[in-house]
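Chemist: This is the structure, below, for whatever I ask next.
The values are calculated or read from the model by the stated rules, or taken from the named source; none is laboratory data. No experiment lies behind these values; they were computed from the predicted model shown. No Cβ is skipped: glycine too gets one built from the backbone with ideal geometry, and neighbour counts run over all protein chains shown. The area values use the complete protein model at the heavy-atom level, side chains included, leaving out ligands, DNA and RNA. Shrake-Rupley method; radii C 1.70, N 1.55, O 1.52, S 1.80 Å.
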Amino acid sequence: MRVLICGAGGFIGSHLVRALKKDGHWVRGADLHLPEYDESPADEFRVVDLRDYNNCLAVTKEVDYVYNLAADMGGIGYITAHLADIAHNNTLINVNMLEAARVNRVERYLFSSSACVYAQSKQQTADVVPLKEEDAYPADPEPGYGWEKLYAEQLCKYYQHDYGMNIKVARFHNVYGQLGTYDGGREKSPAALCRKVALAEDGDSIEIWGDGKQTRSYMHVADCCDGLMRLMGSEYKEPINLGRDEWVTVNGLVDKIAGIAGKKIKKQHDTSKPQGVRGRNSDNTLLKKVLNWEPEINLERGLRYTYPWIEAQIRHQKFYSQFMNPDELVFDIGANIGNKSKVFLNLGCRVIAVEPQSYCIEYLTTRFSHEPGRIAVISKAVANNNDSVIMALGTHRGVSTACPGWLQAVKGTKRFVGVDWVGTQHVQTTTLDQLIEVYGVPVFIKIDVEGFESKVIQGLSQPVKGMSFEFHPEYLADTKKGIEHLTTLGEVEFNYSLEESMTMCPEWLSAENIISALDEFVGNNTIYGDVYARFV
Ligand code: NAD
């Protein structure tokens, strides 16, 4: 089946792309941007604004099914603050997408509605009666976002009536999970609370919006995707709940997250903040009848998948924040698809991302197209001279090296099982000194260039505040050369961290001691790590 997912750069859409690919479908993604936290496995990804009818018409060409998950949306803080923008943007997306799907004779169309369509008057107590589909009328939905969803549901009904389109309407109840927005203002309550708990120390208090006694039900994103695919395959055409019917108070949610984090967390309630309806839960009678299924992942289990992912993101940010402050300049050498650049941008830094591989350059340029001015993507390799170099390209997208010695050393080791080195690419080189001449002195340089690290370091002739460079136990002679070069630039001390643990030794080490510490890993070809250097 050829499937279009609108909103494929967003939280649920990016998971749905993965689920449909796993199911063997050809998938086209469309969104204003690529997914923020992971590479999209979509066969084709169009970065487009779906408020524009011509874009809707183009993306709906030659597809059988359309899942429309594109929307201007966020948590309660966001949707109560931007009534006009949300209603305006989502009306345009939904009106244009439906018409384009009709013109292009799409076989099936799914609209992602929301529990925000339900009458507010029926959600005024914490021990709320679970919401049945008919509770959306008489209409009294959430202002802005809810009214627009309810209107779009009606529009779907009219297109079914007038044109016989096969349309499904799923009313999602709070969806949460890994790879979802967890900061920046658009995050929803489970992600926001996971972030707050991850940032807190044991015994700290965190701010809770409202008195914490409001109730909600939460569905894990894997269940959401499962439900969407089942609904699309069904013959049901009326709006239907897609959520769990296990409710919890917000205070209870905090306790569950704190339990998973292994922290004692105190709650500080701020009743001046928006908190939405008092209680909301899904009645799944119809869902069970229509799909013979309901979401299966309970809150405890879902949070056990979600919290560690958010905690890891926070750990990365906390770790790098010791090296940089907002507005400072960072070089990301060997930026690949930009996961570290993203962390530096999240910390408010300006980033120069240098990457030679054409696939990665295209990805980086698209990924950060909405952050102009904060990141520059440079299509070069960094070396010890201004010349050119031949890079070996691996079969896994984004794996490459300009270092034949390293390639020989790591070939066949556990970390590179399945990678064949199949092509080459001739690329221009530059040096750290030249980058500094053009962009200024960075506070931090991250180097991850598969065995070429010492060559990159040799192109630097002045100390910088901090840097990191990857090491592999099979190729330590090269790492040592890099360390030695840095000792010629000024007084420097070292540390290291294994894999993505983001933990270093409590004490910084001399050049001699870091070399001895790294020597301990000789013969272990299952790990890798980063050496950190700071000039004192
Ligand atoms: P999300 O914000 O992560 O994803 C929505 C995506 O739509 C974003 O990537 C955004 O860039 C894209 N988008 C917005 N405007 C666009 C435009 N003009 N052109 C192209 N793309 C555009 O949100 P999500 O949580 O993945 O939600 C997906 C759908 O589910 C939305 O329709 C949302 O209203 C609905 N929903 C979600 C929840 C939830 O708890 N996450 C609850 C109820 C309903």
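Chemist: Calculated from DSSP H runs of 4 or more alone, at -39500 (n - 2.57) each and per residue, what is the 222 nm mean residue ellipticity of the chain, nearest 500?
Modeler: Values: 17 runs with 191 residues, N = 536.
After summing the helix terms and dividing by residue count, I get -11000 deg cm²/dmol.
Chemist: Something else now. Strictly over 19 Å apart at the Cα level, which of LYS318/LYS342; LYS21/LYS414; LYS318/LYS340; LYS196/LYS267; LYS188/LYS273; LYS318/LYS481 would you flag in this model? Intermediate results must be reported in sequence, preceding the final value.
Modeler: On the way: LYS318/LYS342 14 Å; LYS21/LYS414 27 Å; LYS318/LYS340 13 Å; LYS196/LYS267 11 Å; LYS188/LYS273 14 Å; LYS318/LYS481 29 Å.
Checking Cα-Cα distances, LYS21/LYS414; LYS318/LYS481 exceed 19 Å.
Chemist: Need the full-extension length gain, ARG301 to VAL441, defined as separation in residues times 0.36 nm minus the C-alpha distance. One decimal, nm. Before the final figure, lay out the partial values.
Modeler: Numbers: separation 140, 0.36 × 140 = 50.40 nm, distance 4.63 nm.
Gain on extension, ARG301 to VAL441, equals 45.8 nm.
Chemist: Hey, with R₀ at 51 Å, roughly what FRET efficiency would TYR158 and THR249 work out to, going by the Cβ-Cβ distance, to 0.05?
Modeler: Values: r = 39 Å, r/R0 = 0.77.
For TYR158 and THR249, the calculated efficiency is 0.85.
Chemist: How high is the FRET efficiency between ASN166 and ASN524 when r is their beta carbon distance and R₀ equals 60 Å, given to the nearest 0.05? Display every interim value, and only then the final one.
Modeler: Working: r = 57 Å, r/R0 = 0.94.
Working from the Cβ atoms, E equals 0.60.
Chemist: Taking the Cα atoms of segment 219-323 alone, what are Rg (to one decimal) and Dmax (as a whole number) in Å?
Modeler: Every Cα atom of segment 219-323 included, Rg and Dmax give 17.6, 56 Å.
Chemist: If I fit a long axis through the Cα atoms of helix 299-321 and take the longest principal axis of the Cα atoms of the chain, what angle between them do I get, 0 to 90°, rounded to 10?
Modeler: For 299-321 against the chain, the angle is about 40 degrees.
Chemist: Using only alpha carbon positions, build the gyration tensor of segment 2-147, then give the equivalent ellipsoid semi-axes as the square roots of 5 times its eigenvalues, largest first, whole angstrom.
Modeler: On the way: eigenvalues 164, 55, 48 Å².
For segment 2-147, the semi-axes come out at 29, 17, 16 Å.
Chemist: Ranking request for peptides 414-423, 484-493, 222-231, 358-367: highest mean number of other beta-carbon atoms within 10 Å first, then the rest in descending order. Kindly include the intermediate steps, with their values, before the conclusion.
Modeler: On the way: 414-423: 11.8, 484-493: 14.9, 222-231: 21.2, 358-367: 18.4.
Going from most to least packed, we get 222-231, 358-367, 484-493, 414-423.
Chemist: Treat each spin label as a single point 7 Å out from the Cα along the C-beta direction, and report the LEU199 to THR395 distance in nm.
Modeler: The two pseudo-label positions are separated by 4.4 nm.
Chemist: Further question: Across 5 Å bins from 0, what is the distribution of all Cα-Cα pair distances for segment 391-480, in whole percents?
Modeler: For segment 391-480, the binned pair fractions read 3, 12, 22, 22, 17, 13, 8, 3, 0 percent.
Chemist: Now for a different question. To one decimal place, what Kirkwood hydrodynamic radius in Å is obtained for segment 138-291 from all pairs of distinct Cα atoms? Intermediate results must be reported in sequence, preceding the final value.
Modeler: Working: mean 1/r = 0.0574 Å⁻¹.
Value: 17.4 Å, from the Cα pair sum.
Chemist: Separate question: Note the per residue figure in Å³ for the convex hull of the C-alpha positions in the chain.
Modeler: Values: hull volume 84.0 nm³, N = 536.
Given the Cα convex hull of the chain, per-residue volume reads 157 Å³.
Chemist: Here's something else I'd like to know. What does the accessible area per residue of the chain come to in Å², with a 1.4 Å probe and no ligands, DNA or RNA counted? Walk me through the numbers before you get to the answer.
Modeler: Numbers: 22080 Å² over 536 residues.
Result: 41 Å² of accessible area for each residue.
Chemist: Hey, another quick one. From the P(r) of segment 322-535, could you give the percentage of C-alpha pairs in the tail past 32 Å? Write out the running numbers ahead of the final one.
Modeler: On the way: 2642 of 22791 pairs.
Taking all Cα-Cα pairs of segment 322-535, the fraction more than 32 Å apart is 12 percent.
Chemist: Quick one: the Cα spread of segment 316-374 along its three principal axes, in angstroms, biggest first?
Modeler: Taking max minus min along each principal axis of the Cα atoms, segment 316-374 gives 32, 20, 15 Å.
Chemist: Beyond 21 Å, what percent of the Cα pairs of segment 74-155 remain?
Modeler: Values: 1205 of 3321 pairs.
When every Cα pair of segment 74-155 is considered, 36 percent fall beyond 21 Å.
Chemist: Please report Rg over Rh for segment 289-434, where both radii come from the alpha carbon positions and Rh follows the Kirkwood definition. Could you put the intermediate results ahead of the total?
Modeler: Numbers: Rg = 19.6 Å, Rh = 17.9 Å.
Rounded to two decimals, Rg/Rh equals 1.09.
Chemist: Further, regarding this structure: I'd like the projected area of segment 20-100, averaged over all directions, using the convex hull of its alpha carbons. Report it in nm² with one decimal. Before the final figure, lay out the partial values.
Modeler: Details: hull surface 24.3 nm².
Taking the Cα atoms of segment 20-100, their convex hull projects to 6.1 nm² on average.
Chemist: List the lysines whose alpha-carbon lies under 20 Å from that of LYS157, not counting same-chain residues fewer than 8 positions away?
Modeler: Those lysines meeting the cut-off are LYS132, LYS149, LYS168, LYS237.
Chemist: Percent of Cα-Cα pairs per 10 Å bin, from 0 to the last occupied bin, for segment 349-389, please list those.
Modeler: Going from the shortest bin to the longest, the percentages are 29, 49, 21, 1.
Chemist: Now for a different question. Determine the share of the chain's accessible area contributed by carbon and sulfur atoms, expressed in whole percent, with a 1.4 angstrom probe. Mind showing how you got there, number by number?
Modeler: Numbers: 10940 of 22080 Å².
Heavy-atom surface of the chain belonging to carbon and sulfur, 1.4 Å probe: 50 percent.
Chemist: Can you find, among LEU242, GLN268, SER282, the residue sitting farthest towards the positive end of the charge dipole of segment 181-310, where Lys and Arg contribute +1 and Asp and Glu -1 at Cβ?
Modeler: Highest projection toward the positive end goes to GLN268.
Chemist: Still on this structure: Of all trypsin sites (Lys or Arg not before Pro) in segment 281-325, which ones are in loop regions per DSSP and have a Cβ with at most 11 other Cβ atoms within 10 Å?
Modeler: On the way: sites: LYS288, LYS289, ARG301, ARG304, ARG315, LYS318; in loops: none.
For trypsin sites (Lys or Arg not before Pro) across segment 281-325 that sit outside H, G, I, E and B with at most 11 neighbouring Cβ atoms in 10 Å, the list is empty.
Chemist: Next question. Taking the convex hull of the Cα atoms, report for segment 464-536 its projected area averaged over all directions, in nm².
Modeler: Result: 4.5 nm².
Chemist: For LEU498 and THR125, FRET efficiency with R0 = 51 Å and r from the beta-carbon atoms, rounded to 0.05?
Modeler: Working: r = 51 Å, r/R0 = 1.01.
Efficiency for this residue pair is about 0.50.
Chemist: Rank by packing, highest mean first: peptides 447-453, 462-468, with packing defined as the count of other Cβ atoms within 10 Å averaged across residues. Don't skip to the answer; put the middle values down first.
Modeler: Numbers: 447-453: 24.3, 462-468: 19.4.
Ranking, from highest mean packing down: 447-453, 462-468.
Chemist: Going by average Cβ neighbours within 10 Å, how do the peptides 71-79, 268-276 rank, with the highest at the top?
Modeler: Working: 71-79: 21.2, 268-276: 13.7.
Highest to lowest by the protection proxy: 71-79, 268-276.
Chemist: Pop a pseudo-label 7 angstrom from the Cα along the beta-carbon direction at both TRP293 and THR91 and give the gap in nm to one decimal.
Modeler: My value for the distance between the label points is 3.6 nm.
Chemist: Okay, moving on. Cα-Cα pairs above 15 Å in segment 375-441: how many percent? Each step should come with its number before you reach the end.
Modeler: Details: 1307 of 2211 pairs.
Summing the P(r) of segment 375-441 above 15 Å gives 59 percent of all pairs.
Chemist: Still on this structure, please answer the following. Starting from 0.36 nm per residue, how many nanometres of slack lie between ALA58 and ASP387 once their C-alpha separation is accounted for?
Modeler: On the way: separation 329, 0.36 × 329 = 118.44 nm, distance 4.26 nm.
The ALA58-ASP387 span can extend by a further 114.2 nm.
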